[in-house]
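These notes are about the structure you will find just below.
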Ligand code: ADP
Ligand code: MG
């Protein structure tokens with residue numbers, strides 16, 4: 001996936017100011033940055049959230065520009081977004097939602113759709129990966145789920161959809177220590193040489209479990225610095241200010 005000089009806004013407010021990002025097969029990228037720097041906006045613009053406008057620049061996936069594709073088309077192609085704030089959808093059962101999503105993706109891949117029995121079998125194996133109780137399937141999508149349960153349910157969606165690029169927006173926030181370990185092990189298990197992951201996080205802890213190839217720092221709608229895990233270590237020691245200042249010195 002490539003993001004080239006991406007500028008985007010919401011309700012006439014400019015948020016992204018020229019983002020460049022190149023993600024190759026098998027890579028793990030971490031994006032860190034202050035609250036309000038545009039990390040969630042970037043992930044939603046890549047996923048095709050209808051409230052955002054792309055002013056200029058291009059997002060391409062597998063060599064094809066996807067700027068004008070509907071979010072469901074991008075999802076079917078294999079782009080997955082795990083939301084920072086998963087939405088509660090009363091009246092829609094989690095299992096029906098997951099089966100519909102699975103079948104939409106399978107249809108795109110020209111695979112046969114799964115009936116309820118086949119899906120039950122498939123989802124059971126996915127539940128094991130994320131160590132979730134099957135009772136969550138019978139409930140309405142995210143309704144009354146705790147913060148951590150919602151995050152786990154996002155990873156369950158990742159497990160069933162088998163995406164090519166997964167963007168996980170603060171999936172680690174709000175998880176207890178055990179859940180964090182289970183979730184990171186699941187993400188590692190779901191990653192292959194053919195898939196890529198973008199982890200948006202505030203904490204080096206997650207990056208100790210899921211080793212990133214690159215760490216990017218985002219500020220005011222732009223990636224201002226790219227490095228390795230050392231950048232996350234530097235951040236933990238000196239905060240964003242130090243990194244920002246060192247960038248200023250170079251100018
Ligand atoms: P991050 O995920 O890095 O914390 P966000 O991408 O969520 O940052 O937000 C970037 C900026 O966009 C913030 O200043 C936020 O207040 C602003 N923003 C997000 N949605 C809207 C909106 N609907 N109207 C105006 N500003 C918005
Ligand atoms: Mg955010």
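Derivation of every value follows stated rules applied to the coordinates shown; laboratory data play no part. Just so it is clear, the structure is predicted and the values come from calculations on it, not from any experiment.
Note on the chain: with a GNM built from Cα contacts shorter than 10 Å, the maximum mean-square fluctuation among 224, 155, 46 falls on 224. The alpha carbons of segment 152-232 occupy a box of 34, 29, 21 Å along the principal axes, longest dimension given first.
Would segment 40-123 count as rounded, prolate or oblate if I go by the C-alpha gyration tensor, calling it rounded below 1.5 in a/c and otherwise prolate when a/b exceeds b/c, oblate otherwise? Could the numbers behind the result be given before it?
Values: a/c = 3.06, a/b = 1.55, b/c = 1.97.
Verdict is oblate for segment 40-123.
Structural descriptor for segment 46-116: relative contact order 26 percent, calculated from alpha carbon pairs under 8 angstrom and at least 6 residues apart. The angle between the Cα long axis of helix 94-108 and the longest principal axis of the Cα atoms of the chain comes to about 80 degrees, rounded to the nearest 10.
Evaluate the relative contact order of the chain (contact order divided by residue number), counting alpha-carbon pairs under 8 angstrom at least 6 apart; express in whole percent. Don't skip to the end; give the middle numbers.
Numbers: 441 pairs, mean separation 68.6, N = 251.
Once divided by the residue count of the chain, the mean separation gives 27 percent.
For a test of the definition: using alpha carbon positions, the gyration tensor, and the 1.5 limit on a/c, classify segment 109-178 as rounded, prolate or oblate. Oblate shape, in that a/c is at least 1.5 and b/c is the bigger or equal ratio. Relative to one another, the C-alpha centroids of segment 137-214 and segment 1-62 are positioned 20 Å apart.
Taking 0.36 nm per intervening residue step and subtracting the Cα-Cα distance, what contour gain separates residue 112 from residue 209 on full extension?
Working: separation 97, 0.36 × 97 = 34.92 nm, distance 3.53 nm.
Extra length from residue 112 to residue 209 when fully extended: 31.4 nm.
So what's the back-of-envelope 222 nm ellipticity for the chain, counting only DSSP H runs of four-plus at -39500 (n - 2.57) apiece and dividing by all residues, rounded to 500? It would help to have the intermediate numbers written out before the result.
Details: 9 runs with 107 residues, N = 251.
It comes out at -13000 deg cm²/dmol, rounded to the nearest 500.
Length available on full extension from residue 121 to residue 20: 0.36 nm per residue minus the Cα-Cα distance, which gives 32.3 nm. Taken over the chain, the ratio of Cα radius of gyration to 2.2 N^0.38 Å equals 1.01.
For residue 65 and residue 128 in the same chain, what is the full-extension length gain: residue separation times 0.36 nm, less their Cα-Cα distance, in nm?
Details: separation 63, 0.36 × 63 = 22.68 nm, distance 3.59 nm.
This chain segment gains 19.1 nm when fully extended.
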